[in-house]
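Novice: Following this message is one structure expressed as structure tokens.
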Amino acid sequence: MLGIAIQLAISWLLLWWFERANLSPLGLMPSRQRAVDFLVFFLVSAAFCASGFGLKMLIAKQQWVLNPAATGLGLLDGARWTLVSVLFEELIFRGALFYILIKKLGATRATWISAASFGVYHWFSQGSWGNPGAMAVTFIITGAMGLVLAYGYVKANSLYVPIAIHLGWNLVQQNVFSVGPIGNHLFIEVLPRPEVTVSYAAFWFMQLFSLIGVLAVNYVLLRMKKPAS
């Protein structure tokens, strides 16, 4: 957590230098409304991420079983790692720099810049740099998520919403179903995967439902949300 503390210190310096503000623009002070927002957007994102794995089990007959090597401390450490990585990315892409961009360029331009930067960042964090096809897919998927996350900050005037969306997705993907950079955690996939023939429609539905769903539903919920004062 030392890294997060350093990020917050740098954020304070940036906000003071450019806007003569403290950390209040990040909207980190807890409140009842922010707690409700966090819970709603976290659960929506976690549910859609889980639905993607459910469809793989239903359509592609893939299987996940409880990891026999999992321990309570290991699961807690994995959750801590995921939380820290989410906070790290949110403070970079939806934190002080994003707030300063909003003040200088307006919310729309700042949102697009934040989303594009988020997409480019994942070329390196996900190892797709150098593979044009993978770079394009990574940019589209993570850039689209970046748009929703940035829009969440704009509507809520707080990092609680983008953190909730980001954390809900990552916790289920990485810590529940062990897909990602932190190894095996609660469930592990049974390999080799079964060979199953499905229609193109079923294949693309299985691949895209959870991603499009999490983006669309969170966007609609944000559109319905009254802008924070």
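Novice: Give the lysines whose C-alpha is closer than 25 Å to that of K103, dropping any in the same chain fewer than 8 places away, or say none.
Specialist: K155, K225, K226
Novice: Next question, about the same structure. Just going by the charge dipole of the chain, with Lys and Arg at +1 and Asp and Glu at -1 on Cβ, which of G27, L211, L76 is farthest out on the positive end?
Specialist: Working it through, the farthest residue towards the positive pole turns out to be G27.
Novice: What residues have an amide H closer than 5 Å to that of W64, excluding those fewer than 5 places away on the same chain, when H is modeled at 1.01 Å from N in the peptide plane?
Specialist: Here the answer is V190, since their amide H atoms fall under 5 Å of that of W64.
Novice: Could I ask something else about it? Return a whole-number percent for the relative contact order of region 2-224, with Cα pairs under 8 Å and 6 or more residues apart as the contact set.
Specialist: 34 percent
Novice: When the helices in the chain are scored as -39500 (n - 2.57) per DSSP H run of 4 or longer and the sum is shared across all residues, what 222 nm value do you end up with, to the nearest 500 deg cm²/dmol?
Specialist: Result for the chain, helices only: -23500 deg cm²/dmol.
Novice: For the chain, which DSSP H helices look membrane-span-like by this rule: Cα extent along the axis of 20 Å or more and mean Kyte-Doolittle of at least 0.0?
Specialist: Span-like helices in the chain: 2-19, 32-59, 72-93, 107-125, 132-156, 200-224.
Novice: Moving on to the next point. Taking a ≥ b ≥ c as the square roots of the Cα gyration tensor eigenvalues, with a/c under 1.5 meaning rounded and otherwise prolate when a/b beats b/c, else oblate, which class fits region 63-169?
Specialist: oblate
We did not get these values from a lab; they are worked out from the coordinates using the rules stated. This is a predicted model, so every value here is computed, not measured. Glycine also receives a Cβ, built like all others from the backbone with ideal geometry; neighbour counts cover every protein chain displayed.
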